[in-house]
1. Taking the stretch 158-185, which residues are among the aliphatic types (A, V, I, L, M) and more than 13 Å from GLU25 (Cα to Cα)?
2. Please go through the stretch 164-185 and give me each residue that is part of a loop (DSSP other than H, G, I, E, B), on the phi < 0 side of the Ramachandran plot and without any contact (Cβ under 8 Å) to a residue 12 or more places away in the chain, ordered by number.
3. Starting from the stretch 97-112, take each residue that is buried (at least 18 other Cβ atoms within 10 Å of the Cβ) and list its partners that are assigned to a loop (DSSP other than H, G, I, E, B) and at pLDDT below 95, counting only C-beta distances under 6 angstrom and pairs at least six apart or across chains.
4. Starting from residues that are hydroxyl-bearing (Ser, Thr, Tyr) and part of a loop (DSSP other than H, G, I, E, B), keep the ones in the stretch 118-149 and report whichever is surrounded by the fewest Cβ atoms within 10 Å (Cβ to Cβ).
5. Checking the condition buried (at least 17 other Cβ atoms within 10 Å of the Cβ) and in contact with a Gly (Cβ under 7 Å, 6 or more places away or on another chain), which residue from VAL64, VAL115 passes?
6. Could you list, in sequence order, all residues of the stretch 164-182 that are surrounded by 17 or more Cβ atoms within 10 Å (Cβ to Cβ) and over 21 Å from THR53 (Cβ atoms)?
7. Between a residue in the stretch 115-128 that is closer than 15 Å to SER140 by Cα and any residue that is surrounded by fewer than 19 Cβ atoms within 10 Å (Cβ to Cβ) and of a type in the set (Val, Ile, Thr), which pairs come within a Cβ distance under 9 Å, given they are 6 or more apart or on different chains?
8. For the stretch 155-163, state whether one or more residues are touching a helix residue (DSSP H, G or I) at 6+ places or on another chain (Cβ under 9 Å) and without any contact (Cβ under 8 Å) to a residue 60 or more places away in the chain.
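The values are calculated or read from the model by the stated rules, or taken from the named source; none is laboratory data. Being a predicted model, the structure only gives us computed values, none of them experimental. Cβ placement follows ideal geometry from the backbone for every residue including glycine, while neighbour counts extend to all protein chains displayed.
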Amino acid sequence: MFKTSVTTALFAALIGTQALAAGLEINVEGEANGTIKIDLLEDVAPAHVEQITTLAEQGAYDGVVFHRVIDGFMAQTGDVQFGKMGDDMRRAGTGGSDLPDLAAEFSDIPYEQGVVGMARSQNPNSANSQFFIMFGPAASLNGQYTVVGRVTEGQDVVDAIKRGTGGNGAVIGAPDVMTSVTVTE
């Protein structure tokens, strides 16, 4: 059995086939209620996809809020350090995870509605756990932020996420929350 699986893996590597693409299923509650399904692009950003799926499998994203939501632009979430429902929301968006920051994996995929990108500081190699989902196109992000996926179902849920009214899109009051985030194949 071991020899067969090694042979199969070597054969697959030689002919360039890959395992089934990973995805995320995000259940959202708040002003938006429903499920968002995302196809993760491991061939475009393998390190980022690995980090996101690791955090999702650990349950780190469960209970994390959408802390920065700018109408017509994007909804940001994923601060597993300071963005859990019930935490001090003034710190949401300033944290990451215990995993290391990632080197940028830029691509030529344009930022348009439903594209999922990794949030970062001014340092292009600082993405960690936070990500954002686009409401519409934003060419200014193209080639500047790592694209990690695309919404395949539930863009209507994304579009219903509570908008931020505070500075830089900060959500005031009760934010929408990712109640569960699971990895799918």
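1. Once the filter is applied, which keeps residues that are among the aliphatic types (A, V, I, L, M) and more than 13 Å from GLU25 (Cα to Cα), the stretch 158-185 yields ALA160, ILE161, ALA170, VAL171, ILE172, ALA174, VAL177.
2. THR165, GLY166, ILE172
3. From residues that are buried (at least 18 other Cβ atoms within 10 Å of the Cβ), there are no pairs.
4. That would be SER121.
5. VAL64
6. Result: GLY164, GLY169, ALA170, VAL171, PRO175, ASP176.
7. Pairs found: VAL115/ILE109.
8. The answer is no, given that none of the residues of the stretch 155-163 is touching a helix residue (DSSP H, G or I) at 6+ places or on another chain (Cβ under 9 Å) and without any contact (Cβ under 8 Å) to a residue 60 or more places away in the chain.
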